[in-house]
Amino acid sequence: MSRTEIGGRPPLRYYLSKILFAGIVLIACSWILLPIVISALYAFSTPKDFYSPKEVIPLHYTFANIKELLDLGAARATMNSVIVACMTVVFSFILGLPAGYAFARFAFKGKDSLKLLIIGLRMFPMLVIAVPLVTLYIRLGLNDTLLGVALAHTTMALPFVILITSSIFVSVPIELEEAAFVFGLDRTQTFLRITLPLALPGLTAAAIFTFIMSWNEVFMAAVLTLTNRTLPAFILTSAMAAPDFIKFAASFIMILPALIFVFIARKYLISMWGITIR
Amino acid sequence: MVDVRLVGLVKRFGKTVALRGIDLDVRDGEFVVLLGPSGCGKTTTLRIVAGLEKPDEGHVFFGDREVTYLPPKDRNVSMVFQSYAVWPHMKVKDNIAFPLRIRKVPEDEVQRRVKWAAELLQIETLLERYPHQLSGGQRQRVAVARAIVIEPDVLLMDEPLSNLDALLRVKMRSELKKLQRRIGVTTIYVTHDQVEAMTMGDRIAVMNAGKIMQVGTPEDIYLRPANIFVGGFVGSPQMNFFDATVTEKDGKLILEGPGFSIPLMEDQVSVLKDYVGKTVIAGIRPEHMFPKDLAPPKLKGVEITGDIDFVEALGSDTIIHLRVGEKILVIKVSGSHHYKIGSKLTVVFDLSKLHVFRKDSGEAII
Ligand SMILES: Nc1ncnc2c1ncn2[C@@H]1O[C@H](COP(=O)(O)OP(=O)(O)OP(=O)(O)O)[C@@H](O)[C@H]1O
Ligand SMILES: [Mg+2]
């Protein structure tokens, strides 16, 4: 039992716990922020500052590193990555959204085992299927194409999309759909006019997640492409041979879209009918 | 406009049986109230009429048309959900207008009707708000407004006034009833508030444990309950019940109760003749017993004396708990009176208002 003193000074334990809490928050934040800040700083630092042992934090900044990187082929790779990520989002939502809705709304035989199976798919190491996939892609003419990479990424993202969208749809109260049925809408119209708008904040977050998942994926992209590299695959194979400040520039480009997305999404998510569905 | 016929509805949810054979005829333009305790199957019945649930057995007819398996959108019904179900991504005005827009009502007509409904339910000032900016009672009124703006064949309301304050509830009760009478829409109204049921229903269907116990006018239900459940469920405070034995004494039938005996009236004798020697359950409503000094002068009654156990003064009424032997009798006297707890009191009860039920089945004998 803890003793509380009404009106008196809070006990020392109170301050200690506050300090402890602040400390943990600080560590957690720097854990995430420090690498981002460092790579951003070095990405723009001049080579001279970068190599100078006296300056831990560079003082002179330039866009030259980024430009050099882009000229090396990163521009095209970035473009490829964006295209692949967008295709992945579209494909995995076209396939995953209806499945997620079905899991959320309908009772059918074998629903639980099917769900388990879908999670089970994620346990397959990509390494195992990589070689057969390449062979298959060569036969289908999909090797070294962006579509091929997007399809591979879709496979990887699909279990996530199905399970997440299903839990998003579950969170939309079923009576809201039923009210629409009663007042004269069929299931498709109800989905478009009631369920979808209400699920949109969650679905947006899921889409962003899928986008970033594809954006970051390097193994499949590297195996399946040769000339049409996505950004991570390009950096892995090309930029790693370049000087260190170019590597930092590369890592900065990699982080950038994720950061932008998270900032936009955060504002968007909160502003949408006060985030609470009730 | 249409009459609604429910025939032998059975609904199971896994192992629980929610409805065990519901038969109910609702006439064209009639206002029928489903009254019953929590969990007795009122909402389930309503959902089957709306088409949101398919019965395991039985049929639903709108007029001559069987609609049991028709999807809700093809039934032209309107419904107030127990959980309101107002759409959180639409402003109040759009929520109310939505059913009209689905029916392709011209926009100026939409505006007119939304305004009318909002005024009726006193939510004109809330039209520009989103549902999450409303209180529970306000949300409930939006749900009612949305249900009444269209002209459905059948109007279904699931406890539409449960969350309003007493004053507004009384007002809404009469407003809804007037509206229903004016547009003459066939209405099924769910409530567990018996005052609401008595004041609004053309007829009341009292439900318990998935069955309809009695259907009748409010007067029927109150004066001639068909069984112990209805007798006990309708009326506040609850009807007094006690075991009594029908005995014959000097050629007359009397009911032998715990600590008192009741000589029966002629018409009662003729019905109870077959029960001589058997135990029955007698019932008398609190408002049909009077302290001796307050009894109507010509009352043909039976006197019972007991000790006052407890008194509840409600202002308009006084509720007396009277201990007679082992039993507590509850007596309701209108007006405010003072009684001393522990003192003796003789009450007279109105013999003509006595109810007698079979002990085995609970069915009413008288
Ligand atoms: N979807 C469901 N799944 C399982 N059981 C259900 C379901 N819906 C209702 N029931 C059960 O069916 C019975 C009747 O429920 P119903 O909602 O019709 O009661 P009600 O009369 O409306 O009660 P209340 O006055 O509390 O709203 C209850 O025992 C309930 O637990
Ligand atoms: Mg209910």
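The values are calculated or read from the model by the stated rules, or taken from the named source; none is laboratory data. This is a predicted model, so every value here is computed, not measured. Positions of Cβ are generated from backbone atoms using ideal geometry, with glycine treated the same way; all protein chains shown enter the neighbour counts.
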The strands (runs of 3 or more DSSP E) lying wholly within the range B:277-366 that contain at least 2 residues that are assigned by TED's automatic domain parsing to the domain that holds B:D220, modelled with pLDDT of 90 or more and of a type in the set (F, W, Y) are none
For the range B:26-53, pairs from a residue that is away from every other protein chain (no Cβ under 14 Å) and under 17 Å from B:S162 (Cβ atoms) to a residue that is within 12 Å of ligand 1 (Cβ to nearest atom) and among the basic types (K, R), with Cβ under 6 Å and 6 or more apart or across chains, are B:L34/B:K42; B:G36/B:K42
Of B:L46, B:L34, the only residue that is assigned by TED's automatic domain parsing to the domain that holds B:E196, touching a Phe, Trp or Tyr at 6+ places or on another chain (Cβ under 8 Å) and crowded, with 23+ Cβ neighbours inside 10 Å is B:L34
Picking from A:F169, A:F160, A:F124, the residue that is within 18 Å of the chain's Cα centre (by Cα), of a type in the set (F, W, Y) and either within 14 Å of another protein chain (Cβ to nearest Cβ) or under 22 Å from A:A99 (Cβ atoms) (or both) would be A:F160
Expected output for the range B:152-166 (first residue on the phi > 0 side of the Ramachandran plot, partner outside any loop (DSSP other than H, G, I, E, B) and within 12 Å of ligand 1 (Cβ to nearest atom), Cβ below 9 Å, 6+ apart or cross-chain) is B:E159/B:K42; B:E159/B:T43; B:E159/B:V190; B:E159/B:T191
Among (1) more than 10 Å from chain B (Cβ to nearest Cβ); (2) in contact with a helix residue (DSSP H, G or I) (Cβ under 7 Å, 6 or more places away or on another chain); (3) not polar (S, T, N, Q), A:V182 falls short only on (1)
Considering the range B:123-136, residues that are crowded, with 16+ Cβ neighbours inside 10 Å and more than 10 Å from chain A (Cβ to nearest Cβ), and then whichever is nearest to A:V172 (Cα to Cα), we arrive at B:L134
The residue that is nearest to ligand 1 (Cβ to nearest atom), considering only those in the range B:203-235 that are in a helix (DSSP H, G or I) and of a type in the set (G, A, S), is B:G232
Going through the range B:137-162 in order, the residues found to be within 30 Å of B:R27 (Cβ to Cβ), away from every other protein chain (no Cβ under 13 Å) and not hydrophobic (A, V, I, L, M, F, W, C) are B:Q140, B:R141, B:E159, B:P160, B:S162
The residue from B:G232, B:G210 that alone is small (G, A, S) and on the phi > 0 side of the Ramachandran plot is B:G210
Condition set assigned to a strand (DSSP E or B) and touching a helix residue (DSSP H, G or I) at 6+ places or on another chain (Cβ under 8 Å), scope the range B:179-202, selection nearest to ligand 2 (Cβ to nearest atom): answer is B:V190
Scanning the range A:195-215 for residues that are over 18 Å from A:I264 (Cβ atoms) and either at pLDDT 95 or above or more than 9 Å from chain B (Cβ to nearest Cβ) (or both) gives A:T195, A:L196, A:A199
Turns out the helices (runs of 4 or more DSSP H) fully within the range A:113-205 with at least 3 residues that are buried (at least 19 other Cβ atoms within 10 Å of the Cβ) and assigned by TED's automatic domain parsing to the domain that holds A:V84 are A:146-170, A:174-182
Residues of the range B:169-199 being more than 16 Å from the chain's Cα centre (by Cα) and β-branched (V, I, T), in sequence order, are B:I183, B:V185, B:T186
Reported set for the range B:145-168 where residues are under 22 Å from the mean Cα position of the chain (by Cα), more than 16 Å from ligand 1 (Cβ to nearest atom) and part of a loop (DSSP other than H, G, I, E, B) is B:L164, B:D165
Those residues of the range B:46-91 which are within 16 Å of ligand 1 (Cβ to nearest atom) and under 25 Å from B:G137 (Cβ atoms) amount to B:L46, B:R47, B:A50, B:L52, B:M79, B:V80, B:F81, B:Q82, B:S83, B:Y84, B:A85
Scanning the range A:128-151 residue by residue, those more than 16 Å from the chain's Cα centre (by Cα), of a type in the set (A, V, I, L, M) and under 15 Å from A:V90 (Cα atoms) turn out to be A:L146, A:L147, A:V149, A:L151
Notebook entry, point to check: If you go through the range B:106-119 one residue at a time, do you hit one that is within 14 Å of chain A (Cβ to nearest Cβ) and either loosely packed, with under 15 Cβ neighbours inside 10 Å or closer than 23 Å to B:T43 by Cβ (or both)?
Noted result: no
Checked pairs for the range B:67-82, first free of Cβ contacts under 8 Å to residues at least 24 places away in the same chain and at the interface with another protein chain (Cβ under 9 Å from one of its Cβ atoms), second of a type in the set (A, V, I, L, M, F, W, C) and not in a loop (DSSP other than H, G, I, E, B), C-beta under 8 Å and 6 or more apart or across chains, list as B:P71/A:F181; B:P72/A:F181; B:P72/A:V182; B:P72/B:A50; B:K73/A:F181; B:K73/A:V182
